[in-house]
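Working notes for the structure below.
Nothing in this text is a laboratory measurement; each read-out follows from the coordinates by a stated rule. Model, not experiment: these values are computed from the prediction. Here the Cβ positions follow ideal geometry from the backbone for every residue, glycine too, while neighbour counts run over all protein chains shown.
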Amino acid sequence: MFTKILVPIDFSHLEDSSGAIAVATRMAKSYGAEIIFVGVYGNVPTNAVPQAHEYPAKLRAFSEGQASVNGIATTSVPVFSHDPQAELASALLSAAAGAGADVIVMAAHIPGWVERIFRSNAGYIAKHAPISVFVVR
């Protein structure tokens, strides 16, 4: 049913993605599918990735680690953005199309006051993606 499962990764909130990664891993094993880990990053350093040029290698290492631990096929797609906060949803949708993904499995966060002002990335992607989207809380 699914052959390429796209999973967005944010190293600053990796623990929040554990449920989505677990669901995607079960799906990959069940369908013999590949997981495509996508990360959107910019020039601004973060605690998780202090140097922007290190991001692609960190994402690749994460992807390879998941493949090794879980016995699944994975790949990594780092996406550079000048403004990752503002362009996250469109960057993920473009990455899904470019990778030929047929489903997106992504983490949700517990809604708070910020969602009253700003849109939810998961909600936006679920509404605008031309493929199935599983939002895991």
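Membrane-span-like helices in the chain (whole DSSP H runs, Cα extent of at least 18 Å along the helix axis, mean Kyte-Doolittle hydropathy of at least 0.5): 84-99.
Available extension along the chain between N43 and S94 is 16.4 nm, counting 0.36 nm per residue and deducting the alpha carbon span.
Per 0.36 nm of contour for each residue apart, how much would the distance between H13 and Y31 grow if the chain were fully extended, relative to their Cα-Cα spacing?
Separation in residues times 0.36 nm, less the Cα-Cα distance, equals 3.7 nm.
In straight-distance terms, cross-link reach from K4 covers every one of the aspartates and glutamates whose alpha-carbon lies under 18 Å from its own, apart from those fewer than eight places away in the same chain; here that gives E34, E64, D102.
Per the helix-only calculation at 222 nm, which mean residue ellipticity applies to the chain, given -39500 (n - 2.57) for every DSSP H run of n ≥ 4 and division by its residues, nearest 500 deg cm²/dmol? -13000 deg cm²/dmol, from helical runs alone. Classification of the range 1-127 by its C-alpha gyration tensor yields an oblate form. The axis ratio a/c (a ≥ b ≥ c) is 1.5 or more, and b/c is at least a/b. Each peptide in 7-15, 122-130 receives the mean, over its residues, of other Cβ atoms within 10 Å, and ordering these scores from highest gives 7-15, 122-130.
The equivalent ellipsoid of the range 1-61 has semi-axes of 25, 12, 8 Å, largest first, where each one is the square root of 5 times an eigenvalue of the Cα gyration tensor.
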